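Down below is the structure, laid out as structure tokens.
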């Protein structure tokens, strides 16, 4: 039974359980369908068993030893991975400008964070890829429980995960890849190679580019370590089953011919925008458009997009502005973006 089927069966029951809305009191009426499908943990259809089977199915799709559904974002996946492989006072190598959850994870594990730096592309104002030799230089000078690498970055820059993985294993360190912005990678050949079948742990955010609800994500585990205990330490015992079901359906969609057709159309539309733009566009991952104008800063370009063209960007720096093109981006949206870019002198 899928999680979606479970929710359908549950809807017909008289719920004398938590959650106390019983699927009938819609305090926020615009979300009434969510209330209808919001089920309890204590249930004759054993939702935990259905969830376990669904996650086994997902692991087969991705080719991993274990895939866990996350309803608290990639943050919870990073913390789970670090807690699973790090003991008190052990060192973990992390990027000094990484997401705050990397540092927090090491702190929660009682470990010691050691920071490496990444060179900045001065033309675009964005981080470059992680140099494998840099990682080896740190690992060769001491014992590390784990290394965390962000690949891709927000801006779509990827690192050589295969080479970094080989270095980590040579020195006995687990490799954790924050692939939050690469959830599309396992499914589309036009994108960079995913880390899910290379790294020890890979974390992906379905909500960033793959069309998922905020904050749905995945933790992929390729080790023999049991991450269940660590996962339970930081997660609620009452997860949202509608959100869990959305993760299952999101994976099913990504693995479908419909998604491949949609993605090919997205690629065509993005290439169309790039061909007519008066601005410089850098997209190491074609779904991430780093845009630079010769006449204004990235911050000025961001403000112009917002005020004059009703376009909101994802991230901005002094040199460039980043626009994310996930699966929800339509042809009309990209046409409007193209007109905006073409009008900039």
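The values are calculated or read from the model by the stated rules, or taken from the named source; none is laboratory data. Here the structure is a predicted model, which is why all the values come from computation and not from measurement. Cβ: placed from backbone, ideal geometry, glycine included. Neighbour counts: every protein chain shown.
List of remarks:
- Residue within the range 92-112 that is surrounded by fewer than 22 Cβ atoms within 10 Å (Cβ to Cβ), in a loop (DSSP other than H, G, I, E, B) and either outside the structural domain of residue 238 (by TED's automatic domain parsing) or touching a strand residue (DSSP E or B) at 6+ places or on another chain (Cβ under 6 Å) (or both) present: yes
- Test: residue in the range 51-64 that is at pLDDT 95 or above, in a strand (DSSP E or B) and not assigned by TED's automatic domain parsing to the domain that holds residue 280: no
- The set of residues in the range 127-158 that are under 16 Å from residue 290 (Cα atoms) and surrounded by fewer than 23 Cβ atoms within 10 Å (Cβ to Cβ) comprises 127, 128, 129, 154.
- Residue list for the range 298-332, restricted to those being touching a helix residue (DSSP H, G or I) at 6+ places or on another chain (Cβ under 9 Å), part of a helix (DSSP H, G or I) and surrounded by fewer than 15 Cβ atoms within 10 Å (Cβ to Cβ): 308, 331
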